[in-house]
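What follows is calculated from the coordinates using simple rules that are stated; it is not laboratory data. Computed from a prediction, not measured in an experiment: that's the story for all the values here. We place every Cβ from the backbone using ideal geometry, glycine too, and count neighbours over all the protein chains shown.
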Amino acid sequence: MERFELAVGAVKSAGAALRLSHLEDGDVQFKTGYKDLVTYWDRRTEQMLRGEILSAFPDDMVVGEEYPPSGGGGVLWYIDPIDGTTNFVNQHRNYAISVGCWEGETPLFGLVLDVEREALYWAKPSEGAWRNGERLHVTRHRDIHDMLMTTPGVQYTFLAQHEWHESMRRLARAVRGVRCLGSVALELCELAAGEADLFVTLRSSPWDHNAARIIVTEAGGVVYDIAGGDLPLDAKTTVLALNSPEMLPVVQEIML
Ligand code: IPD
Ligand code: CA
Ligand code: CA
């Protein structure tokens, strides 16, 4: 079986288990504090995905959120077993399983399952971006006043005292509206689907965005770090995603 087919099967069966899941006492733990959760289901889902991938492709390497990297040093898989754990715990919706597969700097495919909606976003280079059977395209908006911005960590983006604090406030004032779903992967997929125009986060890990960035690019969008530089593959980073490279100077003029 090819990697893509294996990933689709594994993600769908992990999603089916999550839809049936119920949180019991003791299933939710704090990592760094009360805003940073991990559950029994994050760990179980990551273990299941790792097991399936490495049984079929033992020379591949898996980088996931909840466990240290494992496997060989070949093709790299970035896994977020639940992106949007707070939503999973507090809403039981608006959370995703994210799987991005890369060979060096070359993307092989990205998969993001919106678990409760059973919407599978996927993309492969030159094959476009899809949500189940629907082809996805970014919006054509070029006027900042027409644009909808999404940011997952709304408290951090607008309230924390980081170097981009004033830039974020200026951007929020310029766009038509700001939305926060609470999942990097799903918000990037919203941009790919033409449901948002501009995405920003000031903290993201490789497993958060390395699947959905492929989907954004294949839908016609662009991804950068917040300063408009290349988005790294293997480091924690800021992310700025836009519906067009034409919008980068416009956004930068507002931010800088
Ligand atoms: C988080 C979510 C959240 C974002 C955080 C991420 P997690 O991932 O994507 O929306 O603000 O930066 O870490 O912890 O739910 O996998
Ligand atoms: Ca995440
Ligand atoms: Ca996670």
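Its DSSP H runs of at least 4 residues, each contributing -39,500 (n - 2.57), put the calculated 222 nm mean residue ellipticity of the chain at -9500 deg cm²/dmol, to the nearest 500. About its Cα centre, the dipole of the stretch 133-189 is roughly 180 debye, where the only charges are +1 on Lys and Arg Cβ and -1 on Asp and Glu Cβ. Each Cα pair under 8 Å and six or more residues apart adds its separation to the average, and for the stretch 10-79 the resulting relative contact order is 21 percent.
Descending by average beta-carbon neighbour count within 10 Å, the peptides 184-196, 5-17, 212-224, 86-98 line up as 184-196, 212-224, 86-98, 5-17, the highest first.
Scalar couplings 3J(HN,Hα) for the stretch 65-75, obtained by applying the Karplus form with A = 6.51, B = -1.76, C = 1.60 to θ = phi - 60°, are 6, 9, 9, x, x, 9, x, x, x, x, 4 Hz; x denotes Gly and Pro.
Listing Ser204, Ser21 from the residue with the fewest other Cβ atoms within 10 Å to the one with the most, what is the order?
Result, fewest neighbours first: Ser21, Ser204.
Once the convex hull of all Cα atoms in the chain is built, its volume per residue stands at 119 Å³.
Projecting the Cα atoms of Gly74, Pro58, Ser21 onto the charge dipole of the stretch 1-145 (Cβ charges, centred on the Cα centre) puts Ser21 farthest toward the positive pole.
In order along the stretch 18-24, the phi-based Karplus estimate (6.51 cos²θ - 1.76 cosθ + 1.60, θ = phi - 60°) of 3J(HN,Hα) comes to 5, 4, 8, 6, 10, 7, 9 Hz; Gly and Pro are listed as x. Across the stretch 202-256, the convex hull enclosing all Cα atoms gives 67 Å³ per residue. In a fully extended conformation the segment linking His137 and Arg170 would gain 9.2 nm over its present Cα-Cα distance, using 0.36 nm per residue. Look at Asp60, Asp230, Asp42 and count the other Cβ atoms within 10 Å of each Cβ; fewest to most, that gives Asp230, Asp60, Asp42. Evaluating 6.51 cos²θ - 1.76 cosθ + 1.60 at θ = phi - 60° for every residue in the stretch 186-194, the Karplus couplings come out as 5, 6, 5, 5, 4, 5, 4, 8, x Hz, glycine and proline recorded as x.
Calculate the length of the line joining the C-alpha centroid of the stretch 1-45 to that of the stretch 55-99, in whole Å. The distance from the Cα centre of the stretch 1-45 to that of the stretch 55-99 comes to 9 Å.
For the chain, the relative contact order is 16 percent, taking Cα pairs closer than 8 Å that sit 6 or more residues apart in sequence and dividing their mean separation by the residue count.
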